[in-house]
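Q: Let me begin by handing over the structure; questions about it come next.
The values are calculated or read from the model by the stated rules, or taken from the named source; none is laboratory data. Just so we're clear, the structure is a prediction, and the values are computed from it rather than from any experiment. Note that each Cβ is placed from the backbone with ideal geometry, even for glycine, and that neighbours are counted across all protein chains shown.
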Amino acid sequence: MQPDFTRPGKPTDNGLCESFNGRFRDECLNKHEFTSLDHTKQIIEAWRRDHNHQRPHGSLGKLTPSEYAMAHKVRSSEMTEL
């Protein structure tokens, strides 16, 4: 397996990761002043739960990531039964 690096100055090479990193930075890291490692973990976990379980994503047909994953899992299990 070979690592595949984004070319310098080409964030569009890995748009999904760049989008997530920017959103995480803007919505979580830049909005809080972390006072300890435990506090940091709590804030990040709360953001992760909201991002994955509460907030619909346009790229997923207005489903949350957890809803999308569950729908995909159901379809995959139905396909394996065929």
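Q: Might you let me know whether the stretch 55-65 holds any residue that is in a helix (DSSP H, G or I), at pLDDT below 95 and surrounded by 12 or more Cβ atoms within 10 Å (Cβ to Cβ)? Even if it seems obvious, please write down each step before you answer.
A: So the first thing to find is which residues in the stretch 55-65 are in a helix (DSSP H, G or I), and the list is 58-60, 65.
Right, trim to at pLDDT below 95 and you get 58-60, 65.
Filter once more, keeping what is surrounded by 12 or more Cβ atoms within 10 Å (Cβ to Cβ): 60, 65.
Yes.
Q: Could you check, for the stretch 8-15, whether at least one of its residues is in a helix (DSSP H, G or I), of a type in the set (Asp, Glu), within 19 Å of the chain's Cα centre (by Cα) and over 18 Å from His57 (Cβ atoms)? Before you say what the answer is, go through the steps one by one.
A: The first filter runs over the stretch 8-15 and keeps only residues in a helix (DSSP H, G or I), leaving 11-15.
Now drop any that are not of a type in the set (Asp, Glu), which leaves 13.
With within 19 Å of the chain's Cα centre (by Cα) added as a condition, the list becomes 13.
Subset that is over 18 Å from His57 (Cβ atoms): 13.
Checked against the condition, which is being in a helix (DSSP H, G or I), of a type in the set (Asp, Glu), within 19 Å of the chain's Cα centre (by Cα) and over 18 Å from His57 (Cβ atoms), the stretch 8-15 yields at least one hit.
Q: Right, next: Every residue in the stretch 1-31 that is touching a helix residue (DSSP H, G or I) at 6+ places or on another chain (Cβ under 6 Å) and either loosely packed, with under 13 Cβ neighbours inside 10 Å or of a type in the set (A, V, I, L, M) (or both), please. Outline the logic, then answer.
A: Within the stretch 1-31, the first condition is being touching a helix residue (DSSP H, G or I) at 6+ places or on another chain (Cβ under 6 Å), and the residues that meet it are 6-7, 11, 18, 28.
If the condition is that a residue be touching a helix residue (DSSP H, G or I) at 6+ places or on another chain (Cβ under 6 Å) and either loosely packed, with under 13 Cβ neighbours inside 10 Å or of a type in the set (A, V, I, L, M) (or both), then Arg7 is the only one that fits.
Q: Restricting to the stretch 19-54, name every residue that is of a type in the set (A, V, I, L, M, F, W, C), over 27 Å from Thr6 (Cβ atoms) and in a helix (DSSP H, G or I).
A: Of the residues in the stretch 19-54, the ones of a type in the set (A, V, I, L, M, F, W, C) are 20, 24, 28-29, 34, 37, 43-44, 46-47.
Narrowing the set further to residues that are over 27 Å from Thr6 (Cβ atoms) leaves 34, 37, 43, 46.
Once the filter is applied, which keeps residues that are of a type in the set (A, V, I, L, M, F, W, C), over 27 Å from Thr6 (Cβ atoms) and in a helix (DSSP H, G or I), the stretch 19-54 yields Leu37, Ile43, Ala46.
Q: Now a separate question. Within the set of pairs 6+ apart or on separate chains, which have a first residue in the stretch 32-47 that is hydroxyl-bearing (Ser, Thr, Tyr), a second that is modelled with pLDDT under 95 and surrounded by fewer than 13 Cβ atoms within 10 Å (Cβ to Cβ), and C-beta atoms under 9 Å apart?
A: Close Cβ pairs satisfying both conditions: none exist.
Q: So, one more: Pairs needed: first member in the stretch 56-70, closer than 20 Å to Gly15 by Cβ and touching a residue at least 12 places away in the same chain (Cβ under 8 Å); second member anywhere, of a type outside the set (Gly, Ala, Ser) and surrounded by 14 or more Cβ atoms within 10 Å (Cβ to Cβ); C-beta distance under 7 Å; at least 6 residues apart or different chains.
A: Qualifying pairs under 7 Å: Pro65/Asn52; Pro65/His57.
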